[in-house]
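Chemist: What follows is a single structure, and I will ask about it in a moment.
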Amino acid sequence: MEITSKEGNLELKRLCDQFRANNKIPPEKFELYQVKRGLRNPDGTGVMAGLTKICNVHGYLIADGERIPDVGKLTYRGIDINDIVDACVAENRFGYEEVAYLLLFGELPTKEQLNDFCKTLNSFRELPEYFAEDMIIKAPSKNIMNKLARSVLALYSYDDNPDDTSLENNMRQAIQLIARMPTIMTYAYQVKRRHFDKKSMFFHQINPNHSTAQSILNAIRPDRVFTDEEAKLLDVCLMVHAEHGGGNNSTFTTRVLSSTGTDTYSAIAAAIGSLKGPRHGGANHRVMTMMKEIMKNVHNWEDETELSKYLEKILRGEANDHSGLIYGMGHAVYTVSDPRAVILKDTARKMADEKGMLDVYELFERIEKLSPQVFSKVKGETKVISANVDFYSGLVYKMLGIPSDLYTPLFAISRIAGWCAHRIEEMETCKRIMRPAYRSLSKSRPYVPINKREQG
C-alpha cells in the first residue's frame, strides 16, 4: 500500500517523538561524570589532545588557575603573522604562497624556492581532463562548500596513486589540492549562478603567472579586471585564514581522519564539511546578514545611543535572527584582541575610503567598540570580548565585490594549506588512531520478544 506524504509526515513525527523521549541527557550528568563538552575544560580552555609545531594561538594567560585576558598572538611555525603580513605589504608582493610553503615545510623559502613552489602550484591549477564537465558542470550544487567537498572526493578517482600515504605522496596531493581548490570553487560558483540563479556563466582562461589571489579575482569577475591593491587585500585575507592551530574543528577533523590512515581526499573533504557548519566557517556570512539588518533598522549610524539600543535587542533575541548573538564578537581563545581581525581592520580602511564605503567601515568600528559595553549591560558579565576575524573579513569581501556565496569557500581555499600541514604532521609524527571515550548512561535491560512488546 502506498504511503501518502501526510501519513509519512505523521510517522516521521512519531519517530522523532520516540527519539526525544529516549535520548534526553540532563545537563547535570555532564558535571557528575566530569565530561568536558565540546572538548573544553570548565574554564573554557581546550582539552589538550595533541602536540604540533605548525601553529600557536595565544589569547590568554593562566595564573593560579585563573584565566587572564591577554593580547592575541598568532604564529605560523613560530613566526608572528603580523611580521609575515607586514613584510609582504612593505615589499609590495603576494604572501599566501609563502605562508603555504612555511606551513608545509617548516621554513621560510628563499626567493628561488618560493619561485619554484609558485611554478609548481600554477602547473597544477588546471583540473584533470573532463573533471569540470563530469563532476561540476553536470552536477550543480546550491552550496559551494558542498560542491568543494564532493569535488575533492571525486579527485580520488583521477589520482593514479590515491591510497599511498607516504610522505612524498601526501605532499604531492597536498600541493595539488592547494592549487586546485580555487579552480574548483570558481567553477562551482559559475555553475551555481547559471543553474540556480539563472544568470550568465563564464569561464576564463587561467593565467599561469597569477598568484592565488589574482587567480580568484580573474575567475569571478566578468571582465577579468581588478587592481593590484584589490588582489593584495584578498591575499592578506588568505594569509590570515591559512592556519589556526590543531584545535579548531575543521583542522581537528583533518587530524582525526588522518589518524586512521585514510587517504588525503577523504580527510580534506571531511574538513570542508566541518568548515561548512555555521558554528565554524559560516560566521562571516552571518556577520554581513546581521549588518544588513542593523543598517536597515538603525536610522543614524553615528548615533551610539540608537546603535547600542539595537545591539541590546539583538543580544536579547529580539532582533536579527533571534539567536541572541552579535556575530563576529568574541572568540573561544582570543580575549583582548584577535590579531587577524586587527590586521584586516587596518588593511581595509584604505580600501573602504577608495570604494566610498568609509561610512560602512566606521559603522563596523562603532559596533566593535560598543558590543562589549552592551554585552556587559544585557548579560551582567564582565567577560572580555573583542572582534574576531569573521567580523571584518565579510566587509573586506564585500568591498572586493566578492559574492556572499563565496565567503565560506574562500575560508576553505585559505585553510587548505593548514589542513594539509596538520594531516602530514599527524601521519608522520603521531602514528596512533584517535579514540576518545564516551560514558554510557544506558542501563542493562532484558530483550523482549516482538509479540510481547507494548505500544509506547
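Chemist: Please go through the residue pairs K36/K296; K24/K313; K111/K147; K198/K296; K24/K73; K199/K296 and name each one whose alpha carbons sit more than 29 Å apart in this structure.
Modeler: K36/K296; K24/K313; K111/K147; K24/K73
Chemist: Oh, and also: Once you order the gyration tensor axes a ≥ b ≥ c over the Cα atoms, which shape class does region 184-317 get: rounded for a/c under 1.5, otherwise prolate or oblate by comparing a/b with b/c?
Modeler: Working: a/c = 1.96, a/b = 1.23, b/c = 1.59.
The shape class here is oblate.
Chemist: At 0.36 nm per residue, and after removing the present C-alpha to C-alpha distance, how many nm does the segment from N207 to E91 gain when stretched out fully?
Modeler: 39.5 nm
Chemist: Taking R0 as 51 Å, what's the FRET efficiency between D160 and R37 from their Cβ-Cβ distance, rounded to 0.05?
Modeler: Details: r = 44 Å, r/R0 = 0.86.
Efficiency computed from Cβ-Cβ geometry: 0.70.
Chemist: For the ranges 412-421, 252-261, 123-132, what's the packing order if you count other beta-carbon atoms within 10 Å of each residue, average per peptide, and put the highest first?
Modeler: On the way: 412-421: 27.1, 252-261: 20.5, 123-132: 15.4.
Highest mean packing first, the order is 412-421, 252-261, 123-132.
Chemist: Please give me the summed charge of the neighbours of N300: other residues whose Cβ is under 15 Å from its Cβ, Lys and Arg +1, Asp and Glu -1.
Modeler: -3
Chemist: Moving to a separate point now. For the pair C430 and I450, what calculated FRET efficiency results from E = 1/(1 + (r/R0)^6), where r is the Cβ-Cβ distance and R0 = 35 Å, to the nearest 0.05?
Modeler: On the way: r = 46 Å, r/R0 = 1.33.
According to the calculation, E is roughly 0.15.
Chemist: Using R₀ = 30 Å, calculate the FRET efficiency as 1/(1 + (r/R₀)^6) where r is the Cβ-Cβ separation of F19 and D321; round to 0.05.
Modeler: On the way: r = 26 Å, r/R0 = 0.87.
Working from the Cβ atoms, E equals 0.70.
Chemist: Do the sum for the chain: with -39,500 (n - 2.57) for every DSSP H run of n ≥ 4, divided by all residues, what is the mean residue ellipticity at 222 nm, to the nearest 500 deg cm²/dmol?
Modeler: -17000 deg cm²/dmol, from helical runs alone.
Chemist: Taking the Cβ of S259 as the center, what net charge do the other residues with Cβ under 10 Å away carry, scoring Lys and Arg +1 and Asp and Glu -1? Display every interim value, and only then the final one.
Modeler: Numbers: positive: R255, R423, K431, R432, R435; negative: E426.
Neighbour charge sum, excluding S259 itself: +4.
Chemist: To continue, here is another question. Just in region 165-212: which trypsin sites (Lys or Arg not before Pro) are loop by DSSP and have at most 16 other Cβ atoms within 10 Å?
Modeler: Filter output for region 165-212: K198, K199.
Chemist: Using the Cβ atoms and a cut-off under 14 Å, what net charge is assigned to the surroundings of C55, where Lys and Arg are +1 and Asp and Glu are -1? Working shown, then result.
Modeler: Details: positive: K53, K73, R77, R255, R340, R415, R423; negative: D80, E243, E425, E426.
Summing Lys/Arg as +1 and Asp/Glu as -1 gives +3.
Chemist: Highest mean first, what order results for 22-28, 113-119, 391-397, 159-165 on Cβ atoms within 10 Å? Kindly include the intermediate steps, with their values, before the conclusion.
Modeler: Details: 22-28: 8.6, 113-119: 15.6, 391-397: 25.7, 159-165: 13.1.
Per-residue mean Cβ counts within 10 Å order the peptides as 391-397, 113-119, 159-165, 22-28.
Chemist: Ranking request for peptides 292-298, 434-440: highest mean number of other beta-carbon atoms within 10 Å first, then the rest in descending order. Write out the running numbers ahead of the final one.
Modeler: Working: 292-298: 13.9, 434-440: 8.4.
Going by the mean number of other Cβ atoms within 10 Å, highest first, we get 292-298, 434-440.
Chemist: Further question: Can you find, among I62, Y447, G394, the residue farthest towards the positive end of the dipole of the chain? Put +1 on the C-beta of Lys and Arg, -1 on that of Asp and Glu.
Modeler: Positive-end residue among those listed: Y447.
Chemist: Given labels modelled 7 Å from the Cα in the Cβ direction, how far is it in nm from A63 to K369?
Modeler: Those two pseudo-labels are separated by 2.9 nm.
Chemist: Which of rounded, prolate, oblate describes the chain, given a ≥ b ≥ c as roots of the alpha-carbon gyration tensor eigenvalues and a/c under 1.5 marking rounded, otherwise prolate only if a/b is larger than b/c?
Modeler: Working: a/c = 1.35, a/b = 1.14, b/c = 1.19.
In terms of gyration-tensor shape, rounded.
Chemist: Before anything else, pin down the relative contact order of region 283-399: Cα pairs under 8 Å, at least 6 apart, normalised by residue count, whole percent.
Modeler: Details: 142 pairs, mean separation 44.0, N = 117.
Relative contact order of region 283-399: 38 percent.
Chemist: Let me ask something else about it. Once the piece of chain linking A49 and L10 is laid out straight, how much longer is it, given 0.36 nm per residue of separation minus the C-alpha distance between them?
Modeler: That pair, A49 and L10, stretches by 9.7 nm at full extension.
Chemist: Once you place label points 7 Å from the Cα toward the Cβ at D353 and F196, how far apart are they in nm?
Modeler: Spacing of the two 7 Å Cα→Cβ label points: 3.9 nm.
Each value in this text was obtained by applying a stated rule to the coordinates, not by laboratory testing. From a predicted model like this one, the values you see are computed outputs, not experimental measurements. Positions of Cβ are generated from backbone atoms using ideal geometry, with glycine treated the same way; all protein chains shown enter the neighbour counts.
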